[in-house]
Amino acid sequence: MKTYSFEDLSSATLAEVAVLRHQPMQPAVWEELARRELGEHDRAALGFVVEKLLYYKTVRANEATIWARAIYPLLALAERDEIRAFSAVPLVARFDEVELRGKADGALAESVDEELGLPYLVVVEAKRGVGATDPMAQLLGAMLCAARLNERAGGQADEIYGCYTVADVWTFFRGRFDWTAPRPVMSLLSSREYMEKTEGQTILAILESIVGKFQT
């Protein structure tokens, strides 16, 4: 059996696992998710986070600092009921004779006594500097693992969400699945880029709308 870590993935290795179909841009899908009304508490908390970022040079800070200041706070604000924010999320799933494994930087996932349950949105933070790599293949690998875990557990297996971040810029993806083919088919729809400094409310509304899709 072949085993690939998220860091080793490429378009070619992903093709051994699934058929990936990239859909044309559909701004209306993300605009609909962004229409969710934020509560007064969330608006106030978001205002504090954004205020701290406004004059902060996010492109110069290291990934851990940006995760703590910008990314994780919004994931935590999107929590509802038993869907919680997690960091350093281990994921492993098998697809016939290929196994994918690695860590997503974060996730919004089911919480069982504060332990990670089924993931519904996975987040990959792009590495920058000398070791910079394209985060796309890592994110798709994490999304495939999350969807497979849902499918094996009898959860909502036809849809999964992902996001990669570069500094304080978020790009979302929706994956829809057909599990009946010899290899799973994942149809991918991407959003435009959203900068947290200026579009924090839009990002949080999208996150909360995604969580709302998976609430029981």
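The values are calculated or read from the model by the stated rules, or taken from the named source; none is laboratory data. These numbers were taken from a predicted model, which means no experiment stands behind them. Heads up, the Cβs are rebuilt from the backbone with ideal geometry, glycines too, and the neighbour counts pull from every protein chain shown. When the accessible area is computed, the model is the full protein with side chains, heavy atoms only, and any ligands, DNA or RNA have been set aside. Shrake-Rupley method; radii C 1.70, N 1.55, O 1.52, S 1.80 Å.
Data overview
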{"read-out": "Relative intensity, log₁₀ I(q)/I(0), of segment 102-216 from a Debye sum that treats every alpha carbon as a point, q = 0.14, 0.16, 0.24 Å⁻¹", "value": "-0.58, -0.76, -1.47"}
{"read-out": "Size of electric dipole in segment 74-216: Cβ of Lys, Arg +1 and of Asp, Glu -1, about Cα centre, debye, nearest 20", "value": "380 debye"}
{"read-out": "Virtual spin-label span in nm between A15 and A44, 7 Å along Cα→Cβ", "value": "5.4 nm"}
{"read-out": "Fraction of accessible area attributable to carbon and sulfur, segment 34-137 (%, probe 1.4 Å)", "value": "52 percent"}
{"read-out": "Per residue solvent-accessible surface (Å²) - segment 102-216, probe of 1.4 Å", "value": "38 Å²"}
{"read-out": "Alpha-carbon Debye profile of segment 1-74, log10 I(q)/I(0) at 0.12, 0.21 Å⁻¹", "value": "-0.69, -0.97"}
{"read-out": "Share of pairwise Cα separations in segment 169-213, more than 18 Å, in percent", "value": "43 percent"}
{"read-out": "Rg/Rh (Cα only; Kirkwood hydrodynamic radius) as it applies to the chain", "value": "0.95"}
{"read-out": "Length gained when the stretch E99-D8 is fully extended (0.36 nm per residue, less Cα-Cα span)", "value": "31.5 nm"}
{"read-out": "Residues listed by number, segment 60-76, amide nitrogen under 14 Å from E193 label point at 7 Å toward C-beta", "value": "60"}
{"read-out": "Cα shape, segment 47-103, gyration tensor, a/c 1.5 rule", "value": "oblate"}
{"read-out": "Label-to-label distance, nm, for residues given as H22 and K213 (7 Å Cα→Cβ offset)", "value": "2.0 nm"}
